[in-house]
Amino acid sequence: MTLTLSEPLFNALLAVVKILFVWAMTLAALLPNLIWAERRVSGLIQDRPGPNRVGPLGLFQAVADVLKLMMKEDVVPLYVDKVLFTLAPLITLTPALVTFAVIPFGSSIPITWNGAVRDVPLVIADVNVGILYIFALTSLAVYGIVLAGWSSNDKYSLLGGVRASAQIISYELAMGFSAAGVFIAAGSLRLPAVVEWQHAHLWNVVPQFLGFVVFAVAIFAETNRIPFDLSEAEAELVAGYHTEYSSFRFAMFFMGEYANLIAASAVVTTLYFGGWSLPGVAFTGLWGGLASIAVFAVKTAAFIFLFLWVRWTLPRFRYDQLMELGWKVFLPLSFFHLIAVAAFVAASGR
Amino acid sequence: MSTTTPSPTLAFAPLLERKFGEKAAPEARPAADVPTIAVDASALHDVALFLRDDPSARFDLFLDLAAVDRLKLAGPASYRAGERFAANYLLYSTERNEHLRVRTTAPAADPKLPTLTDVWWGANWFEREAWDLMGITFEGHPNLKRLLTHNGFVGHALRKDYEAGQRWLCTEEDVLQTDLAAQTETPEDVFETLTLNFGPSHPSTHGTLRVVMRCDGETIVAAESECGYLHRCFEKMSETHTYQQVIPYTDRLNYCSPMINGSGYARAVESMLGVEIPERARAVRTVLAEFSRLMDHMVCLGANLVDIGALTNFWYAFQAREEIYSLLEACCGARLTSSYARIGGLSNDVPENFVEWCRRLVKLCHNQIREVDGLITKNRIAQKRFRDTGVVTKEQALAWGFTGPCLRASGVAYDVRKDAPYDWYDRVDFDVPIATEGDNFARYLVRMEEMRQSLRIVEQVVAKLPNGPVNSDDYRVVLPPKEMVYNEMEGLIYHFKVVFEGIPVPAGEIYSYTEGANGELGYHIVSDGTGRPYRVKVRPPCFPLFASFEKIIRGGMVSDAVATLGTLNIIAGELDR
């Protein structure tokens, strides 16, 4: 049977395949393994084995955990705002998953269609405002936390929500300004263009090291990881914004945190570490395309490991210290960086 | 019991007599006990001021208030002329390294004493405790309400005529929140200030402590702390058990370093008996006390660092602790509640490989300390969290009755091991680390250094560990060996008497103090000559620490309160008894 498809339908089908691939990668492959990795890495750092009983090397631990959480009673306290309480975990999880839409996760794969060979770029949506899309979505994620804190009707949760909003405001600007340097250098807001520029020249982390540092720290703040996990701060706020959550609602926050982590690592890889590219290697053809996906995955994984490593090493900031750092150190630094990059690009006449 | 002598060291006695005459006179005391002056209640407040301020006295540290109900006390100390209650104030002069007991009495009907909270603020909670458990009213006390028992409790549990089997209906009426509301001017409002209930089951209290805070944003504007959730009336229970049977209870005081509590208690009873324990037992007690101090500091720092988000240190610290527990287990069979000390020595000898084991542990502990040190001491975030938070000045620390690492972190070099050496502490070389800042970082550094010093002590003691028995051969006190019990008449009689009647401790009174992991751990024991203590009063080192917690955290943020609670190291078991 010959399948004939019209051009738009074919494109739509391609997009669906790509979405399914990316989600399968993040939700089914990366996310459970990340939960496992977090616990094994913490074990490694803390001189203990970590979970090693469920499945080979304890790999099925995450599955067991999720199953356990799903079977727990879903307790909704009496005084919560039920609508927002239900909505909040969804709001946290969704932006992380849709961020992947604009991230190029590989070079391209040649596909023969209607007798012609065409290169299919490995990005779900190559929109020309890619980075704005990412910023818009990642800022949305904090609403989930703030709403969870508010709707729980609990003082500790409220404090957690307030902390989260203060934190996101303090770091969003510095993050935006430091990332702007990348786009000035690449001359485009498209993420594939950023990767191609780095492929052609050199990874942004070298010329824009300052921007990378600011961006990476802001990412830590954005994903609520130690040393910036103030909204959770289990020893101070008794798990903060998700104190009242149990069962699968809690699992959604949990998954949201890790999905955010993966998304953030993917963004850093794309912006500063050349995305799927390797210097001097041209990824062409089917195998080249697949290899580029692998390169991207390895780079992302390396960054995820950094996240884990930092979490199990550093203490947590205090609320006011974190804001001080954001406003008084990182914001001026990112300004300086942006001006320096812009001046350099203008002077070199590109 | 050693001879009764008039206390010779009271340099200020002539002045005291000139000023107060009959109303404040030195009392004859056994040499092992602390010097005592008997003060008439009417002159108590003036005497207290004199003792604090006079250059020849300078008792700047309020240690303890041990109230005794003498209702059933026989012998020379029995009560006459209606003065049923005795209140023993324990004072210490950091300048002259001298303890002093000020004893006063209160009548059976409506016992009243003037408060000393305006002289030493540290008397605050001790007076509340005395009111709660003994029913002595302290006139002028700023906040005289129940402390260890519930507000709905009826009667005063430590009085000798209180029947222990009674049950009271204690409802959930919350006194603390309403009291705090009265302290602050603005009413609770979501957008202005909010009242935050912190504990008793809050993750950073590591036990059952409770603080109610009034917060403006996250800044604490007022706070009040409450304890008693782990109160089990250890002191009342002690009165119905023989002296040896009290030892397992002492393990549950500071359960992070039970060995120190046990040997401290045993030493108190031994000095009442006048029993000398063998050198080997003293050396082993020293080694295990230092390891216990190390464990305590490990738990304190590990948990404290978890509270500020540095999770990994907890495992580094706890690994050393686990290994020390294994040593304790090899010695006595128990890990946490060791009950290893006995009056007259130890329950049994240490294992054969004790010395090598100790040396191996010393190496391991050094390694674990280094790991934590490397991760935290120079870490900028940790410094930001610890420095200038939870500051206690030297004056405050003294006035509030601090002892131990917290006092030393505020710049006062008082350590019982140095200033009144016991066991083997006068034979080893070690330093007492002090810091002057009095903030959380100072307390952290002092504890870190104390752990290294403890290892130094252990190394020196095990190098000279003598052979020989670990128990005294005084069979009025120590159970005779089984061969003797089965083969000799005397052995059987001794055995029978020790088991059934307990150790006959001569009638009298003692305040014996030990350097616990958190500070001065004092046992104030009154004996009526029978096999059971008439009254045991423990001076728990973290009692004054937690009493002043509400003052320390005021003006700081909630996160600082958490860090401060950790560095103060409040152990509920010892706090609530």
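Here, each number is a calculation from the coordinates, and none is a lab measurement. What you see is a predicted model; the values in this text were computed from it and never measured. Cβ: placed from backbone, ideal geometry, glycine included. Neighbour counts: every protein chain shown.
Listing for the model above:
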{"item": "Under the span-like rule (Cα at least 20 Å along the axis, Kyte-Doolittle mean at least -0.5), DSSP H helices of chain B", "result": "B:258-273, B:279-307, B:312-332, B:354-376, B:440-463"}
{"item": "Stretchable slack from A:W113 to A:L67, in nm (0.36 nm times residue separation minus alpha-carbon distance)", "result": "12.3 nm"}
{"item": "Net charge dipole size for chain A [Lys, Arg +1 and Asp, Glu -1 on Cβ; Debye, nearest 20]", "result": "440 debye"}
{"item": "Chain B, dipole about Cα centre (Lys/Arg Cβ +1, Asp/Glu Cβ -1), debye to the nearest 20", "result": "800 debye"}
{"item": "Highest average packing first - B:220-227, B:311-318, Cβ atoms within 10 Å", "result": "B:311-318, B:220-227"}
{"item": "Furthest towards positive pole of dipole, B:A442, B:F430, B:P469, structure part the range B:426-479, Cβ charges", "result": "B:P469"}
{"item": "Contact order relative to length of the range B:382-444, as percent, for alpha carbon pairs under 8 angstrom and 6 or more apart", "result": "47 percent"}
{"item": "Distance in nm between pseudo-label sites at A:L14 and B:L15 (7 Å out along the Cβ direction from Cα)", "result": "9.7 nm"}
{"item": "Extension gain from B:A28 to B:A109, taking 0.36 nm per residue of separation minus the Cα-Cα distance", "result": "26.4 nm"}
{"item": "Separation of alpha-carbon centers, the range B:250-321 and the range A:32-87, rounded to whole Å", "result": "36 Å"}
{"item": "Acute angle (nearest 10 degrees) that the helix A:7-23 long axis makes with the longest principal axis of chain A, alpha-carbon atoms", "result": "40 degrees"}
{"item": "Label point distance in nm, A:S6-A:L132, each placed 7 Å from Cα along Cα→Cβ", "result": "3.1 nm"}
{"item": "Sparse-neighbour loop sites [trypsin sites (Lys or Arg not before Pro); the range A:112-183; at most 12 other C-beta within 10 Å; DSSP]", "result": "none"}
{"item": "Averaged over B:368-375, number of beta-carbon atoms from partner chains that fall within 10 Å", "result": "1"}
{"item": "Between 0 and 90°, nearest 10: helix A:155-186 axis offset from chain A longest Cα axis", "result": "20 degrees"}
{"item": "Rounded to 10°, Cα long-axis angle of helix A:191-200 versus longest principal axis of chain A", "result": "60 degrees"}
{"item": "Within straight-line cross-link reach of B:K363, lysines at Cα separation under 30 Å, skipping those fewer than 8 residues along the same chain", "result": "B:K378, B:K418, B:K464"}
{"item": "Peptide B:303-311 - average C-beta neighbours from other chains (10 Å radius)", "result": "6"}
{"item": "Ranked packing of B:511-521, B:477-487, most packed first, by mean Cβ within 10 Å", "result": "B:511-521, B:477-487"}
{"item": "Charge sum, other residues only, whose C-beta stays under 13 Å from B:G345's C-beta, Lys/Arg counted +1 and Asp/Glu -1", "result": "-2"}
{"item": "Per-residue Cβ neighbour rank within 10 angstrom, fewest leading, B:M489, A:M323, B:M295", "result": "B:M489, A:M323, B:M295"}
{"item": "Cβ-placed point charges (K, R +1; D, E -1), dipole of the protein assembly as shown about Cα centre in debye, nearest 20", "result": "1660 debye"}
{"item": "Cross-link reach list, lysines versus A:K155, counting only Cα pairs under 20 Å and skipping chain neighbours closer than eight places", "result": "A:K82"}
{"item": "Local electrostatic count, B:D431, Cβ distance below 10 Å [Lys/Arg +1, Asp/Glu -1]", "result": "-1"}
{"item": "Distance in nm between pseudo-label sites at A:L140 and A:L286 (7 Å out along the Cβ direction from Cα)", "result": "3.6 nm"}
{"item": "Charge dipole of the range B:247-576 about the Cα centre (unit charges at C-beta), most positive-ward option of B:G529, B:V299, B:I260", "result": "B:V299"}
{"item": "Residue-averaged beta-carbon neighbours from other chains (10 angstrom radius) around B:197-206", "result": "3"}
{"item": "Peptide ranges A:274-283, B:460-469, B:329-338 listed from the most packed, as the mean C-beta count within 10 angstrom indicates", "result": "A:274-283, B:329-338, B:460-469"}
{"item": "Residues B:T240 and B:I493, FRET efficiency given R0 of 30 Å [Cβ-Cβ distance, rounded to 0.05]", "result": "0.75"}
{"item": "Of the GluC sites (Glu not before Pro) in the range B:124-173, those whose Cβ has at most 14 other Cβ within 10 Å and which sit in DSSP loop", "result": "B:E163, B:E172, B:E173"}
